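The values are calculated or read from the model by the stated rules, or taken from the named source; none is laboratory data. Every value quoted in this text rests on a predicted model; they were computed, and no experiment measured them. Counting neighbours? That spans all protein chains shown, and the Cβs are built from the backbone with ideal geometry, glycine included. In case anyone asks, the SASA skips ligands and DNA or RNA and just uses the protein heavy atoms, side chains included. Shrake-Rupley method; radii C 1.70, N 1.55, O 1.52, S 1.80 Å.
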Amino acid sequence: MIHRRVIGVILVIALATIPAFAQQSDHSLLTLERIFTSQEFTGETFGQARWIDGGAGYTKLEKSAAANSKRDIVRYETATGKRSVLVGADRLIPAGQTAQLDIEDYSWSADGKKLLVFTNSQRVWRQNTRGDFWVLELASGKLTRLGRDAKPSTLMFAKFSPDGTRAGYVRENNLYVENLADGRVTPLTSDGSRTIINGTFDWVYEEELDLRDGWRWSPDGKSIAYWQLDAEGVRDFYLINDTDDLYPKIIPIQYPKAGTTNSAGRVGAVSAEGGATRWLEVPGDPRNNYIARMNWAASSSELVLQQLNRLQNTNRVFIGDVRSGQVKNVLTDRDDAWVDIQGDDIEWIEDGKRFIWVSEQDGWRHVYLVNRDGGSQKLITNGAFDVITVEGVDETGGWLYYLASPDNATQRYLYRTRLDGQGKAERMTPANQPGTHTYNVSPRAGWAFHTYSTFATLPRTELVRLTEHTVARVLVDNAALKEKLGKLKRPAVEFFQVAVADGVQLDGWIIKPPGFDPSKKYPILFYVYGEPASQTVVDRWGGSRGLWHQMLAQQGYLVASVDNRGTPGPRGRAWRKSIYRQIGSLSSQDQAAATRAICRWPYVDSSRVAIWGWSGGGEGTLSAIFRYPDVYGTGMAVAPVVDMRYYDTIYQERYMGLPKENAEDYKRCSPLTYADQLKGNLLVVHGTGDDNVHYQNTEALINALVEANKPFTMMAYPNRSHGISEGKNTTRHVYELLTRYLREKVPAGPR
C-alpha cells in the first residue's frame, strides 16, 4: 500500500504566485528545496529504544561524543533518568579494522550480558532485513561476527537463545544455530532454495501479511519453530532494468497475481541441535490457505497458529503439539466479507489457560478472553466503539490497555478496562490532548514511551507512568523544529464532516491558504487513498508530504482529503466492510459525492478541482476522474493499480473475492473499464522497477487511453520501485513534477 538545475530554475519561475526572488528569500514560505532536499524540517525521533530489566531501565542509541558519526548505546534508569554509556561506539571495532560498526538495529540477551548488532544491511522488498550480525560480550569485550564463513550481508533475523549461549539466524533460505562459545554452526535445514523458503517469506506473504521473520525460539531454548514456503508453481513477474548496464537486466520476482497459484505454507518445529522437523498436521490445501501467524503457546511443547482460508473470511486458531504434529481447532472467527488477523502474537494470561482475542463478531472490534480448550469467550470491552489496537496487558493489576476513539474517528487515545470486563473503561490520555497518541508499554505495564502529535503539531515523546499517565520526563520535544515552523506562514487546517448518500457522514480535513478570504473562490486539490489499508483523515503530523500540502496552500490552493466508506477508521464493522467487492466503485462514488458537496461551499471554485493519490490513491484518482469527469478537471495518479487482476492474491482477493467467481466485479471496479470517459487533464507517474504495483499497470492504461484517443501526460522513472525514491534528487523531482503540472492545469490563487 521524486532535473536538475535548469528545470529547477524554470519551475521556480513557473510556480511563483509572488516574485521569484521573494519566494527564494522569504523564509516564511515553504519551497520544494526546503522540504525535500535541505533536511531543514527533519525532526527528532525517539527511536530504537529497548526496555530492559522488566522496564526498570531502557537503552537507546545516541550520537557518540568519542566517535564521529557513530552512536553509543546508552542506558537510562526509568524511574530516575540516571544516564550511563553502556556500550560506547569505540567498543564496536572489529579486530584488524579501524572503523566502528554502524548500528542499524540491536537487541540484548535475556541476561543483558551480550549485545547483538545488525549492520551492513541490504534491502529485501520494503525493508533492509538482510545484513551482518555481530555479538559483543560486555564483560570481556569480545566482538564476533555470526556466520563467519558466510558472504557479507546474507544473514537475516538473528536472535539470541533464551539462555544467551547461542544465536539462530536465516541464511540464504536455510536456518542455522551458532554456539557463541566456540563458533560451532549447526544447520537445521538444508533444502533452502529459490522456491523452498525456510524461516522467512516470499513477496506476497511479506507485503500483505506483514511477515518477515519466520522462525521462533521455544521458551526453553531446545527447539525452533519455523515457516516453510514452497513457491514452486508461483509464476515470475519480470522487471527490466535498462539503465545499469549496456544491456537490460531481467529481474524475476515470484509474484502471485489475483486468482493465480500461491506458495504452499507449513509450520513445524526442529531441535536446536539439528534433526528432522516435525510438521504440524494443519488441515486444508496449503496453497489455498495461509498460516498468517505462528508462535509458541504457553509451553515449549505447543504452537499456536492462525490459519486464513484463501477468501480470508474465516480465521481458525489451532494449538499444535510439536511432538505428535496433531492440532486442535480452539477458535473460529468468520465474516461475510473478510476477517482481520490477530496482531503479531496471541497474548496468553493465567498461565496459559486463556488468551486475548480481538474480533468484530458483534459489529464492533472488541477484545475477548478465550479459554484455550475452545470453550467460552468473555467480552472484555463493551459498547458501540472499536478497539483500534491492544497496547498492553497488566495481568497483575488486572488491566487491559488499548487505543480507541469512540466519538471521533480522526483521533487515537489510550484507554484501559478491567481484564474481568467489569466496570467502565477509563480514558488515560489527558482530555486536553486531542490528536494521535501511540504507546510503547514496558513489559510489566508500569511505564510507557508516549508519542503524540496533531495535524499542526510536531510529534512529542515523553516517558509516562502508565497507571496515572503522569509525565516522568520529556524525551523528545522537537523544540528547534517547532521554532522554525513557527516562523512560517502557516495555513489553517480544519476538520469537518460532509454528508453523502443515505445520510452517511464522511470525515475530512481542509487546509486553507494564509490570509484566506472567504468572499473569494479558491482552487482545490483532493488527496485520496480510499482503500481498506489506510486512512488519510487522521489528526497527526504529516511529515514532508504534509508540508508539501501546506506549501501548495501558501501558493493559493485549498488542499483537502476525505475518508470514504471502507477506509479502516474506528467506525464499526459495517463501515469498514461496506467496500467488499466495491473497491474503486463505492470509494469513488463517496469521493465524488463529497467533492460535489464541498464544491457548494462559497469559497470553493468548482471549475478548478484536482485530485491526486499514490498506489491505492493512484487507483482512486483514476476511478474518480474517469467515472466522474464532470466533477474533476485534473488528476495526478502515482503508481496506480488500473486492473485489480494485476495485483497480488492476498490483498486483492481479501477485498474483492476470487476473479474466477466474480469476474464482473473485477471489471466493474477497475479504472481501466472507464478510461474512455476521460475528459480532463491526467498525469500518470510510475517507476519502471516497481515490484509492488507493476509498471504493467501504467502500460495497460496507456493502451486504453490511446485506443480511446484520449490525451494525457505521463512520467516514467527508470528502475525506481513503488516509493519512487531511489537515486539522487528523485523524491524532489516527483514533487516538482506534481507541483508544476498542478500549476499548469489548475491556476492558483483566489478569484
message = Looking at segment 23-45, I want the residues that are of a type in the set (S, T, N, Q) and have a partner that is assigned to a loop (DSSP other than H, G, I, E, B) and open to solvent by 70 Å² or more (accessible area, probe 1.4 Å) with Cβ atoms under 6 Å, at least 6 apart or on another chain. Which pairs are those?
response = S28/K489
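Per-residue answers, yes or no, for (1) under 26 Å from the mean Cα position of the chain (by Cα); (2) closer than 27 Å to G689 by Cα:
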site	(1), (2)
R171	yes, yes
S190	no, no
D202	yes, yes
Y238	yes, yes
T243	no, yes
Y247	no, yes
Q254	yes, yes
R266	yes, no
message = With touching a Phe, Trp or Tyr at 6+ places or on another chain (Cβ under 9 Å), open to solvent by 30 Å² or more (accessible area, probe 1.4 Å) and not β-branched (V, I, T) as the only criterion, which of P256, P252 stands out?
response = P252
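Could you tell me whether P570 is surrounded by 19 or more Cβ atoms within 10 Å (Cβ to Cβ) and either of a type in the set (A, V, I, L, M) or more than 30 Å from G383 (Cβ to Cβ) (or both)?
Working: surrounded by 19 or more Cβ atoms within 10 Å (Cβ to Cβ): yes; either of a type in the set (A, V, I, L, M) or more than 30 Å from G383 (Cβ to Cβ) (or both): no.
In short, no.
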Single residue of R216, R212, R235 found to be touching a helix residue (DSSP H, G or I) at 6+ places or on another chain (Cβ under 6 Å) and at pLDDT 95 or above = R212
task = Say whether the condition of being in contact with a Lys or Arg (Cβ under 9 Å, 6 or more places away or on another chain), surrounded by fewer than 18 Cβ atoms within 10 Å (Cβ to Cβ), in a strand (DSSP E or B) and modelled with pLDDT of 95 or more is met by at least one residue in segment 98-113.
result = yes
remark   = A298: passes all of (1) open to solvent by 10 Å² or more (accessible area, probe 1.4 Å); (2) within 30 Å of M656 (Cβ to Cβ); (3) of a type outside the set (D, E) but (2)
ask   = What single numbered condition from (1) in a strand (DSSP E or B); (2) among the hydrophobic types (A, V, I, L, M, F, W, C); (3) over 17 Å from V537 (Cα atoms) fails to hold for V493?
value = (3)
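Give me the residue from segment 180-194 that is open to solvent by less than 40 Å² (accessible area, probe 1.4 Å) and not β-branched (V, I, T) and, out of that set, nearest to T129 (Cα to Cα).
G192
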remark   = Restricted to segment 114-127 and to residues being within 21 Å of the chain's Cα centre (by Cα) and open to solvent by less than 40 Å² (accessible area, probe 1.4 Å), the residue farthest from E206 (Cα to Cα) is S121
key: Odd one out for L369, checked against (1) part of a strand (DSSP E or B); (2) touching a Phe, Trp or Tyr at 6+ places or on another chain (Cβ under 6 Å); (3) open to solvent by less than 40 Å² (accessible area, probe 1.4 Å)   = (2)
request  = Keeping to segment 197-234, report how many residues are of a type outside the set (D, E, K, R), within 22 Å of P252 (Cα to Cα) and crowded, with 17+ Cβ neighbours inside 10 Å.
outcome  = 14
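Taking the residues in segment 458-481 that are of a type in the set (D, E, K, R) and within 26 Å of the chain's Cα centre (by Cα) as candidates, determine which candidate is surrounded by the fewest Cβ atoms within 10 Å (Cβ to Cβ).
Going residue by residue through segment 458-481, those that are of a type in the set (D, E, K, R) are 460, 462, 465, 468, 473, 477.
From what's left, within 26 Å of the chain's Cα centre (by Cα): 460, 462, 477.
Numbers: R460: 22, E462: 18, D477: 14.
Checked segment 458-481; the qualifying residue surrounded by the fewest Cβ atoms within 10 Å (Cβ to Cβ) is D477.
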In segment 668-724, the residues that are within 15 Å of V642 (Cα to Cα), of a type in the set (S, T, Y) and open to solvent by less than 20 Å² (accessible area, probe 1.4 Å) = S670, T698
query = open to solvent by 60 Å² or more (accessible area, probe 1.4 Å), closer than 23 Å to W217 by Cα, of a type outside the set (F, W, Y) and not in a strand (DSSP E or B): does that describe D90?
reply = no
message = Which of the numbered conditions does R130 fail, given that it passes all the others? Conditions: (1) open to solvent by 20 Å² or more (accessible area, probe 1.4 Å); (2) assigned to a loop (DSSP other than H, G, I, E, B).
response = (2)
query = Just wondering, is there one or more residues in segment 315-330 that are under 28 Å from P406 (Cβ atoms) and among the charged types (D, E, K, R)?
reply = no
task = Please indicate, with yes or no, whether at least one residue in segment 406-414 is surrounded by fewer than 22 Cβ atoms within 10 Å (Cβ to Cβ) and assigned to a strand (DSSP E or B).
result = no
task = For segment 302-309, indicate whether the set of residues that are modelled with pLDDT of 95 or more, closer than 29 Å to P659 by Cβ, under 29 Å from the mean Cα position of the chain (by Cα) and open to solvent by 40 Å² or more (accessible area, probe 1.4 Å) is non-empty.
result = no
inquiry  = Quick check on segment 501-512. Is at least one of its residues modelled with pLDDT of 95 or more, closer than 28 Å to A425 by Cβ and in a loop (DSSP other than H, G, I, E, B)?
reply    = yes
ask   = What are the residue pairs meeting all of these: first residue in segment 624-650, first residue at positive phi, second residue in a strand (DSSP E or B), Cβ atoms under 8 Å, and 6 or more apart or on different chains?
value = A639/W614; A639/V685; A639/H686; A639/G687
query = Is one or more of the residues making up segment 527-542 open to solvent by 20 Å² or more (accessible area, probe 1.4 Å), of a type in the set (S, T, N, Q) and in a helix (DSSP H, G or I)?
reply = no
ask   = Any idea which residue in segment 431-450 is farthest from the chain's Cα centre (by Cα), counting only those that are closer than 24 Å to E395 by Cα and open to solvent by 40 Å² or more (accessible area, probe 1.4 Å)?
value = R444
remark   = When every residue in segment 322-354 that is within 15 Å of G374 (Cβ to Cβ) and in a loop (DSSP other than H, G, I, E, B) is compared, the one least open to solvent (accessible area, probe 1.4 Å) is I346
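Tell me whether segment 145-154 contains one or more residues that are part of a loop (DSSP other than H, G, I, E, B), open to solvent by 20 Å² or more (accessible area, probe 1.4 Å) and over 24 Å from I73 (Cβ atoms). Let's see the steps before the verdict.
Taking segment 145-154 as the starting set, the residues that turn out to be part of a loop (DSSP other than H, G, I, E, B) are 146-154.
If we keep only those that are open to solvent by 20 Å² or more (accessible area, probe 1.4 Å) too, we end up with 148-149, 151-152.
Going one step further and asking which of them are over 24 Å from I73 (Cβ atoms), we end up with 149, 151.
Among the residues of segment 145-154, at least one is part of a loop (DSSP other than H, G, I, E, B), open to solvent by 20 Å² or more (accessible area, probe 1.4 Å) and over 24 Å from I73 (Cβ atoms), which makes the answer yes.
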note = Over segment 709-751, the set of residues under 24 Å from V559 (Cα atoms), in contact with a helix residue (DSSP H, G or I) (Cβ under 9 Å, 6 or more places away or on another chain) and part of a loop (DSSP other than H, G, I, E, B) is F712, G723, I724, S725, A748
